[in-house]
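Since the structure comes first, as structure tokens, the remarks are kept for the end.
The values are calculated or read from the model by the stated rules, or taken from the named source; none is laboratory data. Remember, it's a predicted structure, so these values are computed and weren't measured experimentally. Reconstructed Cβ throughout: ideal geometry from the backbone, glycine too, with neighbour counts over all protein chains shown. The protein model used for the area step is the full one, side chains on, heavy atoms only, and it has no ligands, DNA or RNA in it. Shrake-Rupley method; radii C 1.70, N 1.55, O 1.52, S 1.80 Å.
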Amino acid sequence: MFFSIIIPVYNRPDEIKELLDSLVLSNYKKDYEIVIVEDGSSITCQEVVKSFVDKLSISYYFKTNSGPGDSRNFGMKKAKGDYFLIFDSDCIIPSQYLSEVEKELKLAYVDCFGGPDKALKSFSNIQKAINFAMTSFLTTGGIRGGSEKIDKFQPRSFNMGISKKAFEASNGFGNIHPGEDPDLSIRLWKLGFDTRLFVNAFVYHKRRIDWDKFSVQVSKFGKARPILNHWYPEYKKITYWFPSIFVIGIFISFAALFFLFDWFLKLYFLYFLIIFIVSSIQNKNPLIGLLSIIAVWKQFIGYGLGFLESFFKINLLRKQPKQAFPELFFKTNEGNEVKEETIILPKKQHIPIHEAVEKTIEKVVKPIAKIVEPIEKKTKIIGLTGGIGSGKTTVANYMQSKGIPVYISDVEAKRVMDFPEIISKIVKEFGIDVIGTNNLLDREKLAAIVFNNPDQLKKLNAIVHPAVKEHFDNWVLSNKNQSIIVKETAILFESGSYKDCDVIISVVAPLETRISRVIKRDTTTREKILQRINNQLSDEERIERSNYVINNENFDNTKQKVDEILNSLKN
């Protein structure tokens, strides 16, 4: 895995120096690159970047101003890596950061992740107070501090990673700012990609250094959220209303004083007293505790009022987001030329002798060649999945009858397990007893070992799954001239195989239909079938993550639906 670090910057050369200084101290020993994107700055960091060329592998680009989201997209298009790490320019990176990210990705790969942030001792007291407000479990900022659900995390763009595959599928960040990061997360979920929180991959994030800038920032956060709720109503949360409820509660509390009722205000006083105590202890400084009260006040008031204003304009007045809040939307540079492009390469980077020729081919020959060469069409990989008894194999066979290559995963996996090198690995792990009289695997004995033993099953999967993946990749290459190929598997999502696919089709059927099919096909009981169904993903979960759904109750209707989908995909 080759990391590309993407850093957009606007008029902050001093911050870039601190960030690059921190990367010089990284304990990560493998090669990686840094892509600096200067977003139309009047005070550039080009000279700062040049001072690091003998220490880090850096590319530097200057482009017209179009906002941080578009600048990150620009950087990812220029990057050479297969996994992009994105930082804000006001971050300082701990020495172990890259190693932690690699460890997490090896442990449980995910196409997009986010990390939390912390404050350094060298930060100003105001910065530490703002950091407390934005990360504490006592505020809505707790989600930034790591309390949000780990496996459904919305990464924040000051510290996030995204695979090249996910970037290309989603086209990266939109032009709303702030709010471009949750927007991207939700679109990735809809495309079938997962996101996750990497708790130990934290950065030191400076944030705004004065109260006015902080107030403007949190107000924009508040305005962006109802727009996102309008775009993606299925991902609304009641917690997004908390700052606005806080603001409304303040007005109610003061109004209650006219009726000589002061308990509401006492509750607010108690809340801020807790803020003071916790922040003072956490930061070991009562002054920061006092400043944290100001930070939390500004956070709730700014976000809460911004949210209410946006909710009123978007949901009640029915205004279009760009008309209601033009300041939240940047114009992208898509299709426009970059005013100036400077590439800085370090001495330590190994540059092939023929690189100049390659660049000439890239910039001159290839554009001309595209005029006369036919456009090469990419083979579409269709993922076909469904639960037991849904009839996905019947659908797969029908697709094969239409001349479409289909990879039946169960059949191919059994074939792979009979490869001598795989048998050797299985014997080494599980013993010679798993070999039958024909020198092939005794699948019943192997099944008895791994059945109801998750640890043993993991060991078997660790041997078989990579081999099947390699076998599938070779199969894809052998069918590269086909416009459409299909991978059929029951565990498309569970195994992560969906990441190899361009389109997902799920086959579903009523529960009783599925049960009767399996009873007719296998000598088993209804209870055992229900147990297997309950151990699989539900049809609802599959449907939510699929592009097409086939209700396979009547096969004539199913064939018609398959034909419609195939025609749509071919066109």
If ALA369 satisfies all but one of (1) surrounded by 11 or more Cβ atoms within 10 Å (Cβ to Cβ); (2) modelled with pLDDT under 85; (3) part of a helix (DSSP H, G or I); (4) not basic (Lys, Arg), what's the number of the condition it fails? (1)
Residues of segment 205-246 satisfying the condition of being in contact (Cβ under 8 Å) with a residue 60 or more places away in the chain, over 30 Å from LYS190 (Cβ atoms) and either assigned to a helix (DSSP H, G or I) or touching a Lys or Arg at 6+ places or on another chain (Cβ under 6 Å) (or both): TRP211, PHE214, SER215, VAL216
Condition first: basic (Lys, Arg) and touching a Leu at 6+ places or on another chain (Cβ under 8 Å). Now tell me which residues in segment 465-496 satisfy that. LYS487
From the list ASN461, ASN534, ASN453, which one is surrounded by fewer than 12 Cβ atoms within 10 Å (Cβ to Cβ) and either closer than 17 Å to ASP410 by Cα or without any contact (Cβ under 8 Å) to a residue 24 or more places away in the chain (or both)? ASN534
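Identify all residues within segment 531-555 that are part of a helix (DSSP H, G or I) and at pLDDT 90 or above; write none if there are none.
none
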Taking the residues in segment 205-234 that are open to solvent by less than 50 Å² (accessible area, probe 1.4 Å) and within 21 Å of the chain's Cα centre (by Cα) as candidates, determine which candidate is farthest from GLU327 (Cα to Cα). HIS205
From SER41, SER66, SER95, residue being closer than 17 Å to VAL203 by Cβ and among the small types (Gly, Ala, Ser): SER95
Does LYS106 meet the test of being more than 23 Å from ASP183 (Cα to Cα), basic (Lys, Arg) and open to solvent by 20 Å² or more (accessible area, probe 1.4 Å)? yes
Checking the condition part of a loop (DSSP other than H, G, I, E, B) and out of contact with any Ser or Thr (no Cβ under 8 Å at 6 or more places or on another chain), which residue from LYS313, LYS266, LYS319 passes? LYS319
Pick from segment 104-133, criterion free of Cβ contacts under 8 Å to residues at least 40 places away in the same chain and over 17 Å from the mean Cα position of the chain (by Cα), ranking: farthest from LEU197 (Cα to Cα): SER122
It is to be established whether one or more residues within segment 495-503 are without any contact (Cβ under 8 Å) to a residue 40 or more places away in the chain, closer than 21 Å to TYR407 by Cβ and either outside any helix (DSSP H, G or I) or acidic (Asp, Glu) (or both). yes
Kindly establish whether ILE485 is of a type in the set (A, V, I, L, M), farther than 19 Å from LYS414 by Cβ and either open to solvent by less than 80 Å² (accessible area, probe 1.4 Å) or touching a Phe, Trp or Tyr at 6+ places or on another chain (Cβ under 7 Å) (or both). yes
